[in-house]
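Taken together, the values in this text are just the output of simple stated rules run on the coordinates, not laboratory data. Computed from a predicted model, the values in this text were never measured in an experiment. Positions of Cβ are backbone-derived with ideal geometry, glycine not excepted, and every protein chain shown enters the neighbour counts.
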């Protein structure tokens, strides 16, 4: 086996692999042995037909494609282990330049990691002012807690705007009840516009025990096509009328929602908690601003395939998040009055930026020669084990090689980000 490489104008690397006649024959024979049971030849049991019989029946090149792929991959791995100057970012494209009695020449175009020219990444000045937590911030948080602990209390009298009507309802279109159009004991806030058309308004004035037929029209763009634009009737019964009752902000509330007995102690805790979050936010924003500056200062031609792969990952992540909410990309795009293709196009700049950040960080890691030692790993594992209430040995026993590599990469990235924050003002 002989090979040589050269850099192409598009920055990819061309790999020319030459195999002599014996090497090529060995690859074809291996392909025959691997695939012979797939071909049926009359007079022979499955997998027992001689190679020449199969080639005669199915064509002399029947095993060539598999021989080329398997043979190239075998030598490609060997070449990559030996030649560290080749840093592929995607599978190579293969073509056969020559195939005759003397052997085969395979030419591969390999997309490789682009050359990165880093600009300044130390001594940058970042405009960042951590948020100071004020008494107003504490009061806002207390109001949020107050609203979170709102109680619903039944009242006498009629339904008014802002009340909660507990209802049973059953919907029909043209006299036929439809799926998903009924419920019992449903709490509906009047004026929230949770239900279509003027459904909620038609309940105003009713009292507990009252029944009423409510008439509405589904919007033309309603997500259920069988209901879109249709007139519907809902048979509604009022079970109870409720009002929201906010608890007072006092020692009792503090005691009910926290480990503290007095409001003053709880306020102090809230302020400390908000300050911790503000500091974390400031840290993340600082890191992001530093990375933005580093990307501005770098020079790199990002291959389209890297952007495509990153974009694929972004869209897949979005798909997974929507799945957990019982939706999908198509429904989400329709809700936003757009298409999946347009959503993808809108995220293209984000994908490009992510790739640039990753390339820059890899280059800085190479320059600064960070590593992960056993002490780093032990400290990280101990911290995680404590967080999930396991012993270090118990947690270690669950770690796969893949998970360990992930942990090492995370430690490495944390070291790098700490280094960048320390070396930029």
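Hey, with R₀ at 35 Å, roughly what FRET efficiency would residue 117 and residue 283 work out to, going by the Cβ-Cβ distance, to 0.05? Display every interim value, and only then the final one.
On the way: r = 28 Å, r/R0 = 0.81.
Rounded to the nearest 0.05, the efficiency is 0.80.
What does a probe at residue 170 reach in the range 234-260, counting residues whose amide N is under 14 Å from the point 7 Å along Cα→Cβ? In the range 234-260, the label zone of residue 170 (backbone N under 14 Å from the point 7 Å along Cα→Cβ) covers 234-238. Between the Cα long axis of helix 263-297 and the first principal axis of the chain there is an angle of about 30°, rounded to the nearest 10.
When semi-axes √(5λ) of the Cα gyration tensor in Å is computed from the coordinates, the matching label among (1) 40, 29, 20; (2) 34, 26, 20; (3) 60, 38, 22 is (3).
Kirkwood hydrodynamic radius computed over the range 363-425 comes to 12.9 Å, based on all pairs of distinct alpha carbons. Once every Cα of the range 169-297 carries one equal point scatterer and solvent is ignored, give the base-10 log of I(q)/I(0) from the Debye formula at q = 0.13, 0.16, 0.18, 0.19 Å⁻¹, two decimals. For the requested q values the scattering log ratios are -0.75, -0.82, -0.94, -1.02.
In the range 151-245 the Cα-Cα distances spread across 10 Å bins starting at 0 as 17, 49, 26, 8, 0 percent of all pairs.
At 0.36 nm per residue, minus the direct Cα-Cα distance, what do residue 403 and residue 297 gain on full extension? Give it in nm, one decimal, please.
Details: separation 106, 0.36 × 106 = 38.16 nm, distance 3.37 nm.
Roughly 34.8 nm would be gained on extension.
Over 16 Å apart: what share of the alpha carbon pairs of the range 60-109 falls there, rounded to a whole percent? Spell out each step's value before the answer.
Values: 555 of 1225 pairs.
Counting pairs separated by more than 16 Å, the tail of P(r) holds 45 percent.
For the range 1-153, take every pair of Cα atoms, bin their distances at 10 Å starting from 0, and report each bin as a whole percent. For the range 1-153, the binned pair fractions read 9, 24, 17, 12, 8, 7, 9, 10, 4, 0 percent.
The angle separating the long axis of helix 304-324 from the principal Cα axis of greatest extent in the chain is about 40 degrees.
Could you calculate the contour length gain from residue 312 to residue 272, that is, 0.36 nm times the residue separation minus the distance between their Cα atoms, to one decimal place in nm? Working shown, then result.
Details: separation 40, 0.36 × 40 = 14.40 nm, distance 4.04 nm.
Gain on stretching residue 312 to residue 272: 10.4 nm.
Residues in the range 287-310 near a label at residue 348, defined as backbone nitrogen under 20 Å from the 7 Å Cα→Cβ point? Within reach of a label on residue 348: 300-310. Computed from Cα positions, the angle between helix 64-82 and the longest principal axis of the chain comes to roughly 80 degrees. Alpha carbon centre of the range 195-239 versus the range 92-153: separation in Å? Cα centroid of the range 195-239 versus Cα centroid of the range 92-153: 46 Å apart. Dimensions of the range 263-422 based on its C-alpha atoms, expressed as ranges along the principal axes with the largest first, amount to 50, 47, 36 Å. Restricting the calculation to Cα atoms, the range 1-75 yields a radius of gyration followed by a Dmax of 16.1, 55 Å.
Hey, what did the range 155-225 get for relative contact order, percent, Cα under 8 Å, at least 6 apart?
Details: 83 pairs, mean separation 23.4, N = 71.
Relative contact order of the range 155-225: 33 percent.
Find how much the distance from residue 192 to residue 56 grows on full extension, using 0.36 nm per residue of separation minus their present alpha carbon separation; answer in nm with one decimal.
41.3 nm
When the convex hull of its Cα atoms is viewed from all sides, the range 199-274 shows a mean projected area of 9.4 nm². Stokes-Einstein diffusion of the range 306-390 at 20 °C, 1.002 mPa s viscosity, Kirkwood radius from Cα pairs, rounded to a whole number: 133 µm²/s.
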